Amino acid sequence: MGFGTGHNSAAKALKYEFEKMPAVTAEVVDLLELIPSTFHPLLQSGYQGMLNKFPTVYHYLYDWTHHNKMFRYVSSEVIEKMGWSIRKKMAQLLEDVRPTRIVTTHPFALILCPAHWEKIPTVGVITDYELHPIWLARLPHALFVPKYLLNQSQLERIQWTTGLTLHQTGIPVNAAFYEELSKERARQVLGLPENHPVVLIMGGGTGLGPLEQLVEEIRYMRSLQFVVLTGNNQNLYHRLRKKGYESHIRIESFRRDMPLWMASADLLVTKPGGLTISEAISKRLPMFLFEAFPGQEKANQQYLLHHRVAMVTRPQTIRFQLEKFFLSDQQRKRMAERFTPLMSTHASQQIVQETLRMEAPVMQTL
């Protein structure tokens, strides 16, 4: 379900890997696209609006479904009842495609799946660094989670109480992020200076956060090369372009070659979206994190801080933090080394192999 870009990016990475296998076909379906076209943009904009204007409301909803079993049950029932239009189209889609496995990167898909298809092996793939209990409202046959998210005791308790099979594979990202590419070569291709540290600043696919304030704070730090990626936020892109910054601040809109940009960089300044930080982990790219939304992004931020591969920043402190960060090559090298156990080089392949290992029942047409 395409609330944000992370769930769909992970699904596409898995589709790519599934279709490498002989005689396997995969199809990505965004369940939001099954909602009537007049309502879909309202739902999407409503979700984004709540995050931007009323983050406290979202925080309470997220927190209540996380900690209150009764509220979680009621929420899953509400989702199921409200999803009647999706379920009807989903049932028809499943009849047309007749899948042998169902893989989802969003827990709502399991809740909305028609009961007739319960015998089909279902796989859940978490795309943030937290196991929200809504994933357990309707259990998949197997659940794939980030590395070092759960300790052995937590794994055993969940598996014992639910019967769920858990795999700590990591989050699947586009395979291009794990391709070896030197920093020098990436900068040559992108036309970036080779003798200055490169800092990427981005607010996810939708260009959220205090990007304008951040740019104003760093505009006179000419010893660094900044690349500001505004994503799909065209208003922000044009506002920043009109300000006529000097050449050490480069403004870019949505780019499809993010593996190349991350390979060129020494530091990423970003919101802690699940897929964005997973892509940065794959490139061993240290992060400064700003304005984490309550819920998943707070959990993602805490995960990175715990493993000491990121720091929290804000416009008022970013100049001082940048100066300190680039003061010691040894400190940056140590931070980069901490990424090694977190990397999920083969996450997509492992998920595909485990999914295809499951026995699919023979579905007979009456």
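The values are calculated or read from the model by the stated rules, or taken from the named source; none is laboratory data. All values derive from a computational prediction rather than experimental measurement. All Cβ positions, glycine included, derive from the backbone under ideal geometry; neighbour counts span all protein chains shown.
When 353, 301 are checked against the criterion of being in the same structural domain as residue 148 (by TED's automatic domain parsing) and either touching a strand residue (DSSP E or B) at 6+ places or on another chain (Cβ under 6 Å) or over 30 Å from residue 185 (Cβ atoms) (or both), a single residue qualifies: 353.
Picking from 201, 171, 158, which residue would you name as being crowded, with 16+ Cβ neighbours inside 10 Å, β-branched (Val, Ile, Thr) and either touching a Pro at 6+ places or on another chain (Cβ under 8 Å) or part of a loop (DSSP other than H, G, I, E, B) (or both)? It is 171.
The criterion of at least 1 residues that are over 24 Å from residue 305 (Cβ atoms) is met, among helices (runs of 4 or more DSSP H) falling completely within region 210-287, by 211-218, 234-242, 258-264. Kindly check whether there is at least one residue in region 144-154 that is hydrophobic (A, V, I, L, M, F, W, C) and crowded, with 21+ Cβ neighbours inside 10 Å. Within region 144-154 (the criterion being hydrophobic (A, V, I, L, M, F, W, C) and crowded, with 21+ Cβ neighbours inside 10 Å), the answer is yes, since at least one residue qualifies.
With respect to the conditions (1) assigned to a strand (DSSP E or B); (2) under 20 Å from residue 285 (Cβ atoms), residue 166 falls short on a single one, namely (2). When residue 189 is tested against (1) at pLDDT below 95; (2) surrounded by fewer than 16 Cβ atoms within 10 Å (Cβ to Cβ); (3) hydrophobic (A, V, I, L, M, F, W, C), only condition (1) is not met.
Among the conditions (1) more than 19 Å from residue 172 (Cβ to Cβ); (2) surrounded by fewer than 23 Cβ atoms within 10 Å (Cβ to Cβ), the only one that residue 284 does not satisfy is (1).
The residue pairs whose first member lies in region 149-168 and is assigned by TED's automatic domain parsing to the domain that holds residue 132, whose second member is surrounded by 12 or more Cβ atoms within 10 Å (Cβ to Cβ) and of a type in the set (Ser, Thr, Tyr), and whose beta carbons are closer than 8 Å, counting only pairs six or more residues apart or on different chains, are 149/129; 149/303; 159/165; 168/148.
For region 324-348, the set of residues classified as in contact (Cβ under 8 Å) with a residue 60 or more places away in the chain and out of contact with any Pro (no Cβ under 6 Å at 6 or more places or on another chain) consists of 332, 341, 342, 343, 344, 345, 346, listed by residue number. For residue 311, the conditions (1) assigned to a strand (DSSP E or B); (2) aliphatic (A, V, I, L, M); (3) farther than 30 Å from residue 221 by Cα all hold with the exception of (3).
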